[in-house]
1. Select, from VAL155, VAL165, the only residue that is of a type in the set (Val, Ile, Thr), under 29 Å from VAL112 (Cα atoms) and touching a helix residue (DSSP H, G or I) at 6+ places or on another chain (Cβ under 8 Å).
2. Just checking, does segment 124-135 include any residue being small (Gly, Ala, Ser) and either at pLDDT 95 or above or in contact with a Leu (Cβ under 8 Å, 6 or more places away or on another chain) (or both)?
3. In segment 144-159, what count of residues is obtained for those that are at pLDDT 95 or above, aliphatic (A, V, I, L, M) and touching a Lys or Arg at 6+ places or on another chain (Cβ under 7 Å)?
4. Looking at ARG133, ARG129, ARG98, which is the one that is within 15 Å of the chain's Cα centre (by Cα) and of a type in the set (Lys, Arg)?
5. Residue by residue through segment 22-75, note down the ones that are more than 18 Å from the chain's Cα centre (by Cα), modelled with pLDDT of 90 or more and of a type in the set (Val, Ile, Thr).
6. Taking the conditions exactly as written (closer than 28 Å to ASN168 by Cα, out of contact with any helix residue (DSSP H, G or I) (no Cβ under 9 Å at 6 or more places or on another chain) and in contact (Cβ under 8 Å) with a residue 24 or more places away in the chain), does ARG123 satisfy them or not?
7. Can you list residue pairs whose Cβ atoms sit under 8 Å apart, with the first residue in segment 159-175 being without any contact (Cβ under 8 Å) to a residue 24 or more places away in the chain and the second being among the basic types (Lys, Arg)? Count only pairs 6 or more apart in sequence or on different chains.
8. Can you pull out the residues in segment 91-104 that are closer than 15 Å to ARG10 by Cα and either surrounded by fewer than 20 Cβ atoms within 10 Å (Cβ to Cβ) or of a type in the set (Gly, Ala, Ser) (or both)?
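The values are calculated or read from the model by the stated rules, or taken from the named source; none is laboratory data. Just so we're clear, the structure is a prediction, and the values are computed from it rather than from any experiment. Counting neighbours? That spans all protein chains shown, and the Cβs are built from the backbone with ideal geometry, glycine included.
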Amino acid sequence: MGERSLAAKRLIVCVTGMAGAGKSTAANAIAGIGFTLVNMGDVIREEATKRRLDPTDANVGSLMLELRRVNGARAVAELCIDKIETIEDRYVVVDGVRSLDEVETFRERGRVLLVAAHASPARRYEYLRSRGRPDAPRDWDDFRVRDGRELSVGVGATVALADEVVPNNRLSLDEFRHKAIEVVKQAMTEVEV
């Protein structure tokens, strides 16, 4: 199938949300039903490794902002497009979309379903602290700085304008995964891809 033909039939599920809301959990669940996963944070961490930066929240966050400042609001999405164009699957899930410019970049390559994971600040803080990654917030103030950075690049708009929102405050992990899969399967039946 030609590249243009495949792009016209491709479904790209873009998963957005604030840090700790469950984006990766939702994206991994969606990948489990046959979608190829592309993680925007991994793309930035790969770039950090190339630049010999430690993958701390501060370094990864600064690099994300620098990439966008130097190469424009679509910079990280364009790095992901490079990966997507090598994928022959017609179903792709992108973990970590942070702006409407990025959504628009993906729309140029296929039909997009924008799914937002949403959780309260307290729940997100607990989750980020418990997962043990080097970019975990040191304290509440560090967490608020991270939220401010995420909001500055447009996450609030992607959550507000999402096609579907999956709440993650009172659901168990299995219920949350199931809900993420359910909204994607519903979208797949509603619109022929």
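1. When all the criteria are applied, what remains is VAL165.
2. no
3. Final tally of qualifying residues: 1.
4. None of the other options fit; the residue is ARG98.
5. THR49, VAL70, listed by residue number.
6. Taking the combined requirement at face value, the residue satisfies it.
7. LEU171/LYS179
8. Hit for segment 91-104 is GLU104, nothing else.
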